[in-house]
Structures are given as structure tokens and as C-alpha cells.
Amino acid sequence: MNQYPLWKYLLIGIVIFICTLYALPNLFGNDPSVQISPAYARNMKIDQAVQDTVEAKLKEVNIDFIRIDRTPKQLLVRFKNLDTQGKAYSILRDALPKYVVAQNLASATPDWLRAIGGQPMYLGLDLRGGVHFLMQVDMETAIRQDEDAYINELRTLLREKKLRYKGINRVIDEKGGLQVTFAISETRDKAKKLVERRYTDLVITEEEGVDEFRLHLAFSEPALKERRQKALEKNITTLRNRVNELGVSEPIIQRQGDERIVVQLPGVQDTARAKEILGATATLEFRMLAAEDDQYGGRLYKRREGPPVTLKRSVIVTGDQIIDAAATIDQRTGRPAATIRLDSKGARSMLQTTRKNVGKPMAVVFIEYKIETKLVDGKEVTVRKKLEEVINVATIQEEFSSRFQITGLTSSEANNLALLLRAGALKAPMEIIEERTIGPSLGEENIFKGLISILIGFLSVMLFMWMRYKTFGMVANLALLMNVVILVALLSLLQATLTLPGMAGIVLTLGMAVDANVLIFEKIREEIANKNSPQNSIYTGYEKAFITIFDANLTTLIAAVMLFGFGTGPIKGFAITLSLGIITSMFTAIMLSRGVINFFYGSKKLEKLPV
């Protein structure tokens, strides 16, 4: 009646062994580290010479390190504390100007555990330290950029159809939109029909002027809503790509409302660089220089070095057609450069342009949007600036298409530009409207307090169970301990992020887990009070309590799933921990505790039970 078959005991043993193994990495913690990687990704490696330089520089200033881990792409120097890490970072950053030097927190998990896939849980912002940004997306600029794209398309379309127009301009007043001006009403009517067929998302209105006929084009409300949504989604995707380039583990990037994005970067200590990369809106445009007889048809741009130049209004390639970029060194001059690779559309346009213009100059325009908040008459006013400058003008020596090189950059500019282009341009500029930094020391304090709360809760439950249920209570305590181990192992295997709310979920799980054993043991005591035999009381207690336990855990699990579905970052962390805790408590409180009781008492003739 109260005996498990051998396979069940083996299953319980195997589960506990594996879970203990994969929970172990969380005991080793992290080492404050300095991470060194190549700045010029394609043609530089981390070799023994770099390691020798690092060791020599640290010995010069008497900085001790735990050890150095080296791969062809990365050098990781581990230190005992954060103070030593900070000093070493300053020294190595100056000593290795051609490399990217960053502060990091590296897992101290032994190699043998890492070899079998053992990794600690990721720690959230509140436990590990890092930065929190709330970013406001500039939707006005996003719509303005879409209007600029339409201006170029309309110019091309009307020229192809040989419909003469006087001008295409953006309307600056509150009405917004675009205005196309014609000299003849018949031409306007033909253009209207053409635009209506081609662009279904535009609202077209006819207007009359002095000796001119106009079309006013504006996005419809559904089109505006869709474009704002796409701008937000594109920015979120770009931010994720940029965070991947920064090498941040388990970042949180999610929308908040219709125009804001929350970015949390656990473990980031170089907050200035994170801020610079996340908020940067740099992109490129490639344009031909205007001919001397076409100066009025072009547009004047300032140059980073030298006098201003006039460029053609038509764009050859834009930043969103760049699919890869890498910082490198120009083999001819030895100066920093950026290697660019285009998609098929961009490569086709570049090939057609360079084939027709060999021997003519082409310019690279660097575009950056900036948002500043200023106080004007006691009120905060948002000022938007679009900064455009020509960073490079070069004569086309021969035709080329998908791959080429940009020079005229500093080392830092080449690195940042390559990173931003790889990750993609932001659809719209963003302003950081809230910034919070949590230091590693505060994170350690939160971990300590969270662990203390779990420990106090655990010990209190253990004491109560022992006093109330004697030996059976200690079996419940063993099941409770194994529940925590299995829960930690699952969180580690899933590489879930543990936050303070997640720790609260673990504390709640302790109560939920022991509650199942309380129901079982009370039912056993009830059966004994009804003069049932000890063995039959054990069997009946587990069988009859199961439905109640299942029902209580199922309703809690449904609530946890709802929290996960509708909650944000910290609430999701709580929901994940609680959901996994409910599942593990069902295993430990019912199967594991019953297996232990069956093993010790199932085959004995008992007069009474120690419950």
C-alpha cells in the first residue's frame, strides 16, 4: 500500500542530483573584471602580446588580479574587489587605446560546471547593479522623416510621368503634411489621380493660390497611428541590437505607453558609454556633389574639415540599406576607417551611380538628431536639432557596389559609427527623460537582505513544522529544502533573471510548499483520530489531500500566469518564480515527502505515527 516501486525512488534521486548540480553555480558568485576586446573587429585578435602588456601594466602599479582568461576575441582579467577593478580599468584603458576596455562582472563558476552547461541565474538591476533609462521617442521627427521620404518619391514619380511641378515642400504650420505646387490646373488633376492610385494612406486636398494650383498631402489618422507604432517597434529592435553590441546579458527593453521605452542594463558599470550608444541617432547618406552649373538645384552642407560643399538633393544610399559595418585601419594611410556593406537594393543603387560617375566626387553625410530640454520663461521646452555634416569627399576611382570603405574618422568615431550602423539607425530620435543608476554595492546589499528574508522565513517554517508534526515535520522540512534547490536549478537552467520581487516569489513559494504538507499531515491525524490504522492513515491522508492541494495550486498558478501576461519587468520576475515554485512544490510536497515516508515507514507494522 505504502511502497513506491524502485523506478520512482530512482527518479526522485536522479532529479535531486541533477538539480543540486545545476543549482551549484549560484554559490560561486561573480568576479569584478575588466574585459578587453578588439576595436577593429575584422583584423585584430587578442594574442599573447596583449596579455603580456596587460600583466606588465598591472605589475607596474602593484595591482593584483585573480587570473586572466583569454580567447581570440576577448581577454578577461578578474579581480578580488570593485576598487581594484576600477583602478585597473583606468590603467588598461590608457594602455590599450586600440582596444575596447570595459568593466564587467564575470561569473566565477568553475570550468567543470560550465563544461556541462552550469550557469548561475542572471541577477536583475536591483541585485546586480546597472542602469535604468526611460526614453521618450520623438514621434514628430519620425513623421517628418517619412514625409521627407515621400518628397523624394514624389519628385521621382512626377518626373517619370513628365508632370511638371513648381515645388514640393513640407508645410510648417500646425496643419502639417506636404504641399505640391503646379502652374496648370490640368497637371494638378493628373498628379492627384496618380498620387491617389499610388499612395492610399494619404489624404489629398486641392487648394488654390495666386497663379498656382496646389495639392495638400497628409497622412490619414490610421496611417499616422501605424507609422508611430512602427517607429516605436523599430527603435526597440535597434536598441536590442545596440545592447547586444555592448555585450549586456539579460537586458530589459520594453515599451511603456505609446511613445516611451524602458531600458534596463544589469551589470553595466560604464554608464556614460551605454548612454552614448543607446541615445545616438547617427546614420549616413551618400550623395554626389552638385555640378557647377547646378548649384541652385543642390543644397549646401558644411564639412568637418574644409569649406562647405553643395550636394545633389537625390540620395544614393541611406543608412537603413547598410547591413554590416566594422571599424578598421586604412591600409594606405594607416588611419582609422569604417568598412561598409550594403544590402542588394543599396548595392544596386551604388553600382549604377559609381558606374556613371567615375572620376567625379561623392560625399558621405553624417546625420545626427539631438533633443535638448531647455527652460524658457520658467517652462521646459524641447528643442530638436538635426545636425548634418560631410565627413568625407572622395573621387570615385572605379565602380563598386556592396562593399567599400569610409575614411576621415577618428578611432573613436570609427568604432561608434560601425557599432551604430551594424545595429541599425533609430527610426526617430529619443530623449532620456529618466535615468537611475544602481551601484554594485547596493546590489550586494539587496542580495544580502533578500537572502536574510528567505533564510528567516525558511527557518521559521522549519521550526513550526518540527514543533507541530515532529518527525513527519522534519520530512516536510527536507522536502522544503529540496524545493528551493530544484527551483534555483530551474531558474538557472532557464537563465531567468532574479530580482527582488523574484526573491519575494521564493519566500511565498516556501509558504505554498509547506501548506501542502500541512494539509496532508492534518488529514493523516484526522484519520488516526477516527481509529484508522497508521498505514491506512498515511495512504488516505495523501490521497484525499491531493485534490485540495491541486485546486489551491492551480488557482495560484492561473493568477501567476495572468501576472506574467499583463505585468511589466519586476512583476514578470515575481510571476515566473511563483509559477515555477508552484510546480516544484507539487513534486516535493507530494511525491518526494511521500517517498521518504514510504521508505522509512511503509514496510513496518506501526502502532502509532510520529505526527
How high is the FRET efficiency between GLN405 and SER453 when r is their beta carbon distance and R₀ equals 45 Å, given to the nearest 0.05? 0.20
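For the chain, what is the charge dipole size about the Cα centre, in debye to the nearest 20, if Lys and Arg each add +1 at the Cβ and Asp and Glu each add -1 at the Cβ? Walk me through the numbers on the way to the answer.
On the way: 79 positive and 68 negative charges, 244 e Å.
Around 1160 debye, computed over the chain.
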In whole angstrom, the spacing between the Cα centers of region 474-504 and region 151-177 equals 63 Å
Reach of LYS8 by Cα under 20 Å, taken over lysines that are not fewer than 8 positions away in the same chain: LYS604
For the chain, what is the relative contact order in percent, using Cα pairs closer than 8 Å and at least 6 residues apart in sequence? 17 percent
By counting other Cβ atoms within 10 Å of each Cβ, how are VAL34, VAL561 ranked from fewest to most? VAL561, VAL34
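Provide the packing ranking of 21-33, 181-193, i.e. peptides ordered by the mean count of other C-beta atoms within 10 Å per residue, highest first. Please report the intermediate quantities before stating the final value.
Values: 21-33: 18.7, 181-193: 15.9.
Packing order, densest peptide first, comes out as 21-33, 181-193.
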FRET efficiency for ALA95 and LYS175, using Cβ-Cβ distance with R0 set to 56 Å, rounded to 0.05: 0.45
Pull up the cross-link candidates among the aspartates and glutamates for LYS302, meaning alpha carbon to alpha carbon under 12 Å and not fewer than 8 places away within one chain. GLU388, GLU389
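Please figure out what share of the DSSP beta bridges in the chain is antiparallel and state it in percent, rounded to the nearest 5.
Values: 94 of 97 bridges.
The antiparallel fraction comes to roughly 95 percent.
Ranked highest first by average number of other Cβ atoms within 10 Å, how do 543-550, 359-366 line up?
Working: 543-550: 14.9, 359-366: 17.4.
Highest mean packing first, the order is 359-366, 543-550.
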If I histogram all Cα-Cα distances within region 520-572 using bins 10 Å wide from 0, what percent of pairs lands in each bin? 25, 28, 19, 17, 10, 1
In degrees from 0 to 90, rounded to the nearest 10, what is the angle of the helix 82-95 Cα long axis to the longest principal axis of the chain? 30 degrees
Stretch gain in nm, segment ASP320-LEU6, where the contour uses 0.36 nm per residue and the Cα spacing is subtracted: 106.8 nm
Cross-link partners of LYS161 among lysines (Cα-Cα below 18 Å; sequence separation of 8 or more within a chain): LYS190, LYS192, LYS193
How would you rank 513-521, 230-238, highest first, on the average number of other Cβ atoms within 10 Å across their residues? 513-521, 230-238
Can you quote the Å³ per residue value for the convex hull of the Cα atoms in region 139-221, rounded to an integer? 88 Å³
For region 223-245 and region 537-588, what is the separation of their Cα centres, given in Å? 36 Å
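Within region 423-557, count lysine pairs with alpha carbon atoms under 26 angstrom apart where the residues are 8 or more positions apart or belong to different chains.
Numbers: LYS470/LYS523; LYS470/LYS531; LYS470/LYS544; LYS523/LYS531; LYS523/LYS544; LYS531/LYS544.
Lysine pairs satisfying the spacing and distance rule in region 423-557 number 6.
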Quick one: if the Förster radius is 25 Å, what FRET efficiency do GLN495 and LYS345 give, using the C-beta to C-beta distance and rounding to 0.05? 0.10
Links that overshoot a 32 Å alpha carbon limit, given the list LYS175/LYS572; LYS225/LYS386; LYS45/LYS386; LYS57/LYS234: LYS175/LYS572; LYS45/LYS386; LYS57/LYS234
At what distance in nm do the modelled label points of ALA149 and GLU434 sit from each other, each positioned 7 Å from its Cα along Cα→Cβ? 3.1 nm
For Rg and Dmax of the Cα atoms in Å, with candidates (1) 32.9, 118; (2) 28.3, 95; (3) 32.9, 111, the value calculated from the shown model is option (3)
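Can you give the relative contact order of region 30-108 as a percent, counting alpha carbon pairs under 8 Å and 6+ residues apart?
Working: 129 pairs, mean separation 39.8, N = 79.
After rounding, I find 50 percent.
Every number here is computed from the coordinates shown, using simple stated rules; none is lab data. Because the structure is a prediction, the values reported are computed rather than measured. Every residue, glycine as well, gets a Cβ built from its backbone with ideal geometry; the counts of neighbours run over all protein chains shown.
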